[in-house]
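This report refers to the structure that appears directly beneath it.
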Amino acid sequence: MRANPNIVVTGTPGVGKTTHCETLAERTNLRHVSVNQIVKDKGCHEGWDEEYQSWIVDEDKVGN
């Protein structure tokens with residue numbers, strides 16, 4: 001059984017999600033895990049979306 005919650009923050013690229021999450025993690029003593037960093041590092045994507053300037057996340061790969 002998990003002791004701490006998972007808090008998922010989503011939104012349009014460039015609106016401050018990472019900054020907000022890092023601050024939240026500091027103030028609550030929770031750990032910040034960047035799914036975007038995992039997607040880049042582990043190749044858990046289906047390519048790059050030019051319109052949104054972000055990776056197209058392959059959720060099945062991220063979950064494994």
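Restricting region 1-47 to residues that are farther than 16 Å from VAL62 by Cβ and touching a Phe, Trp or Tyr at 6+ places or on another chain (Cβ under 9 Å) leaves a set whose member that is most open to solvent (accessible area, probe 1.4 Å) is THR12. Figure legend. Inter-residue proximity from region 30-52: first residues over 16 Å from ASN6 (Cα atoms), second residues at pLDDT below 90 and exposed (fewer than 13 other Cβ atoms within 10 Å of the Cβ), beta-carbon distance below 8 Å, spacing 6+ or different chains. Indicated pairs: TYR52/THR12; TYR52/PRO13.
The values are calculated or read from the model by the stated rules, or taken from the named source; none is laboratory data. Small disclaimer: the values here were computed from a predicted structure and weren't measured. As a convention, Cβ positions derive from the backbone with ideal geometry for all residues, glycine included, and neighbour counts pool all protein chains shown. Ligands, DNA and RNA are stripped out before the accessible areas are found, and what is left, the full protein with its side chains, is counted by its heavy atoms. Shrake-Rupley method; radii C 1.70, N 1.55, O 1.52, S 1.80 Å.
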